[in-house]
Amino acid sequence: MKKILGIIALLLFIFIALMYWSLNTTTKKVENSKLVNLSNVNSINFKELDSVLITATNQYNSTELKRIMQGEHYRKAWSTPVKVPIVFLDTLFGGMRVIDEGGGKQTQSLKLMGANGIEYTLRSINKNPDALIPEFAKTLGLENIVIDGISAQHPYSAIVVANLAESVGVLHSFPRIVFVPKQPVLEDYNEKYGNRLFLLEYETESKMNWTDYQNVVEIIDTKELQELKMTKGEFLHIDTNALVRARLFDLVIGDWDRHAKQWGWVIQQQDNYLNAIPLPVDRDNAFFNLGGIIPSMIANKNVRPEMRPFDKDIDYLPGLVQPFDIYFLQNIPESVFVKEAEALQKQLTDSAIDQALHQWPKEIYDLDAEHITEKLKARRDHLLEYAKGFKKVLDEKPLLTQPLKGSEELELPKHLIQCFGCEEKTAD
């Protein structure tokens, strides 16, 4: 027995030693995008150029040990140079101005106002996950588990996802990859945001309608939708078919992180009623390519059940049913899930998948398109099964007792904390 315990202790010691060795090969300082074949960036007149060759970051370059311990992920995509257009905000869309700084726990962003009155956002492709790192991880020197874990995200996933969404009738924010040099319009934000790589897309909150829908009153976030519900009551409805379709689409693309702050709502006037059409945004975790010993341990269904890898099969559906789903989708008939799954299967054709992936620069397409295509097709082919399973798990969940993420400050009545349509059900 002592011999067995000794062997276990030795193996544990070796594992811990290899883990720290692997973690220390990644710098703890976040590295931004890097221009290729252009030195002394501050002296370059970018107005003389129309594009640049740039890498998202070299931070995730790996050794063999790191690939074993922390996964291959999308390291090559992050470090592969791509050709990106240069944008100057003073001429873009008739001229733009910065109105606010935003961003979540990983992404830095700037909100912009165009001359047409439409709001846009610049979202950094590089991530800074400091806010996600627990204090105990910093104390134990394990912060690089989180920092390096960003490499499981594809830096350019949003471009493909938007094109796929277009083919299946899921609303999206039309992201495009751009390089933003330092420029007067950025003013005090030049040091933080100048000479960097971004996704430029429509903002999810807007008084102006940039969608193809008619009779749009405004575009709001989930928190504002709940506030509107308190005043409009049964005269405000969710387009549940569109939301079911959007959530099933998430299953196909492997986007496991779909909390309430990652949705906008297009508010459409229909006679005396308001119809809220879902607008999914923030596609950082689509095609989430998780691997390696350490990430696989963290993503175990008993540790972080929601963090599901993008494989050909969905290995644990209960992890993908989120509070957002309980809040908006409980008591929706299974027939709706079946109908939307069948529609997605028909519309997400092989040619639609191929066309979407060809939106990537050739260098990125050659790296990642083949294995992503295989997984998309496999998930699409089994979507009816996943839809029924998702619905079954959803029906087993109790109503919420805590506010949705982002709504903690709202003073909501109990029924509006439990679910979006609870008041109407009570009235019935």
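Read the figures in this text as sums done on the coordinates, not as results from a lab. Since the structure is predicted, the reported quantities are computational estimates derived from the model, not experimental observations. Positions of Cβ are generated from backbone atoms using ideal geometry, with glycine treated the same way; all protein chains shown enter the neighbour counts.
Which pairs break 29 Å Cα to Cα here: LYS312/LYS392; LYS312/LYS388; LYS66/LYS375; LYS34/LYS66; LYS312/LYS362; LYS182/LYS405?
Violating the 29 Å Cα-Cα cut-off are LYS182/LYS405.
Between LYS346 and GLN270, what FRET efficiency follows from the Cβ-Cβ distance if R0 is 30 Å, with the result rounded to 0.05?
0.65
When the expected Rg is taken as 2.2 N^0.38 Å, what fraction or multiple of it is the alpha-carbon Rg of the stretch 211-428?
Compared with the compact-globule rule of thumb, the stretch 211-428 sits at 1.07.
Counting pairwise Cα distances across the stretch 217-324, what percent come out greater than 23 angstrom?
Counting every Cα pair in the stretch 217-324, those more than 23 Å apart make up 37 percent.
Using the per-residue mean of other Cβ atoms lying within 10 Å as a proxy for protection, in what order, highest first, do the peptides 275-281, 349-355, 116-122, 403-409 fall?
So the order, starting with the most tightly packed, is 275-281, 116-122, 403-409, 349-355.
Would you mind ranking ILE238, ILE147 so that the residue whose beta carbon has the fewest other beta carbons within 10 Å leads the list?
The fewest-first ordering by Cβ neighbours comes to ILE238, ILE147.
Local charge sum around LYS388 (other residues, Cβ-Cβ under 14 Å, Lys/Arg +1, Asp/Glu -1)?
Computed value for this residue: -2.
Have a look at the DSSP beta bridges in the chain and tell me what percent are antiparallel, nearest 5.
Expressed as a percentage, antiparallel bridges in the chain total about 90.
Taking θ = phi - 60°, what integer Hz values does the Karplus form 6.51 cos²θ - 1.76 cosθ + 1.60 yield along the stretch 168-176, in sequence order, with x for Gly and Pro?
10, x, 9, 5, 8, 9, 6, x, 9
Output the peptides 290-296, 260-266 sorted from most to least packed, where packing is the average of other Cβ atoms within 10 Å over each peptide's residues.
Packing order, densest peptide first, comes out as 260-266, 290-296.
What trypsin sites (Lys or Arg not before Pro) does the stretch 82-129 have in DSSP loop regions with at most 16 other beta carbons within 10 Å?
LYS105
When all C-alpha to C-alpha distances in the stretch 108-254 are sorted into bins of 10 Å, what percent of pairs does each bin hold, rounded to whole numbers?
Binned Cα distances yield the sequence 9, 27, 34, 23, 7, 0.
I'd like the projected area of the chain, averaged over all directions, using the convex hull of its alpha carbons. Report it in nm² with one decimal. Don't skip to the end; give the middle numbers.
On the way: hull surface 95.9 nm².
Mean shadow area of the hull around the Cα atoms is 24.0 nm².
List, in order, the whole-Hz ³J(HN,Hα) value for each residue of the stretch 314-324 obtained from phi through the Karplus relation with A = 6.51, B = -1.76, C = 1.60 and θ = phi - 60°; use x for Gly and Pro.
With coefficients 6.51, -1.76 and 1.60, one gets 7, 8, 7, 4, x, x, 9, 8, 9, x, 4 Hz.
Which of the pairs LYS229/LYS261; LYS127/LYS207; LYS207/LYS261; LYS261/LYS377; LYS127/LYS261 have their Cα atoms more than 20 Å apart in this structure? Walk me through the numbers before you get to the answer.
Working: LYS229/LYS261 17 Å; LYS127/LYS207 29 Å; LYS207/LYS261 18 Å; LYS261/LYS377 29 Å; LYS127/LYS261 18 Å.
Pairs exceeding the cut-off: LYS127/LYS207; LYS261/LYS377.
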